[in-house]
Each structure stands twice: as structure tokens, then as C-alpha cells.
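The structure appears right after this line, and notes come after that.
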Amino acid sequence: MIDWAGLRWSARDAAQHAYAPYSGLRVGAAGITSRGEVLSSCNVENASFGLTLCAECGLVSALALSGGGKLSAVSVADSDGKALLPCGRCRQLLHEHGSAELLVDAGSEVPPHRLAELLPLAFGPEDLPAKGVEP
Ligand SMILES: [Zn+2]
């Protein structure tokens with residue numbers, strides 16, 4: 001059973017650390033790994049805008065740093081704790097570091113989404129020719 005309120009709280013807490021001087025939208029992301037570990041991250045904007053890192057980017061980096069594996073549940077929230085859905089780029093990122101079955105928080109009023117609902121027919125590593133590289 002996933003503690004969605006707790007995960008959303010972790011995302012909200014991470015959002016407090018965001019660097020968002022341009023949009024003012026402070027975002028945090030928190031995820032549960034396949035090992036049951038909770039990781040979190042925040043967005044980091046850049047004056048060039050195109051180099052802005054969404055909170056989910058940092059979350060995937062934290063996953064690699066923590067030993068890898070897959071994310072099994074993710075909550076993304078603003079600094080007030082309102083659940084936000086990942087942008088298109090981050091849905092693709094989460095697909096590779098979660099799975100189509102990754103659960104994505106949709107807020108306290110509705111059940112979480114499966115990533116496959118948010119990114120149907122996703123392109124992934126299995127669509128590339130084998131390169132002999134361990135994921
Ligand atoms: Zn994003």
C-alpha cells in the first residue's frame with residue numbers, strides 16, 4: 001500500500017528547495033523505488049529556459065545515485081502540496097526509470113494514474129537495437 005499523502009508531502013517539502021526565479025512555480029517530486037526507498041528532488045530553472053531541469057530529472061538522478069533500480073510510485077507537487085502531472089519530457093524519462101506500470105499521483109481526490117495512461121505506446125530501450133549495455 002502506497003502512502004500517497006506522505007509521498008505528496010515529501011514532494012511538497014522538496015518543492016520548498018526549488019530554484020524557480022523565472023516561473024515562480026516551485027515543484028518537488030518524490031518517488032518510491034523498487035527497494036522501498038523514498039527519494040525526492042526539486043526543479044532547477046535556468047535563464048536560458050531550455051536548460052531548466054524538472055523535479056523529475058533530479059529524481060531520476062537521485063535514483064541512479066541511490067543504487068539504481070526502478071521507481072514504482074511518484075508524486076509531483078507544487079509548494080502548496082497540489083499534485084501536478086509530469087510534463088511530456090518527464091513522462092518519457094519516468095517510463096525508462098519506472099515502467100508502464102509506474103503509479104503517478106493525481107491528487108487526493110482521484111486514484112493514481114498508471115504511466116501507460118499518461119504515455120500510451122511509449123518508445124523505450126526495448127525499441128532500440130541491442131547495444132550490449134546494461135541498463
Ligand atoms: Zn518535466
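Scan the stretch 21-48 for residues that are outside any strand (DSSP E or B) and either among the acidic types (Asp, Glu) or within 13 Å of the ligand (Cβ to nearest atom) (or both) and jot them down. Reasoning before the result, please.
Here is the first cut: in the stretch 21-48, the ones outside any strand (DSSP E or B) are 21-26, 34-37, 43, 45-48.
Correct list: Ser23, Leu25, Glu37, Asn43, Glu45.
With respect to Glu117, determine if the residue is of a type outside the set (A, V, I, L, M), in a loop (DSSP other than H, G, I, E, B) and out of contact with any Leu (no Cβ under 7 Å at 6 or more places or on another chain). Working first, answer last.
Details: of a type outside the set (A, V, I, L, M): yes; in a loop (DSSP other than H, G, I, E, B): no; out of contact with any Leu (no Cβ under 7 Å at 6 or more places or on another chain): yes.
So Glu117 fails the test.
Which residue out of Gly28, Gly58 is of a type outside the set (D, E, K, R), in contact with a His (Cβ under 8 Å, 6 or more places away or on another chain) and modelled with pLDDT of 95 or more? Write out each step before concluding.
On the way: Gly58 fails: in contact with a His (Cβ under 8 Å, 6 or more places away or on another chain).
The match here is Gly28.
Conditions: (1) out of contact with any Phe, Trp or Tyr (no Cβ under 8 Å at 6 or more places or on another chain); (2) at pLDDT 95 or above; (3) not aromatic (Phe, Trp, Tyr). Asp105 meets all but one. Number of the miss?
Asp105 satisfies every listed condition except (1).
Which numbered condition in (1) among the polar types (S, T, N, Q); (2) in a loop (DSSP other than H, G, I, E, B); (3) surrounded by 14 or more Cβ atoms within 10 Å (Cβ to Cβ) is the only one that Ser75 fails?
Failing condition for Ser75: (2).
The values are calculated or read from the model by the stated rules, or taken from the named source; none is laboratory data. Nothing here was measured: the structure is a model prediction, and the numbers come from that model. With ideal geometry, Cβ positions are generated from the backbone for all residues, glycine too; neighbour counts draw on all protein chains shown.
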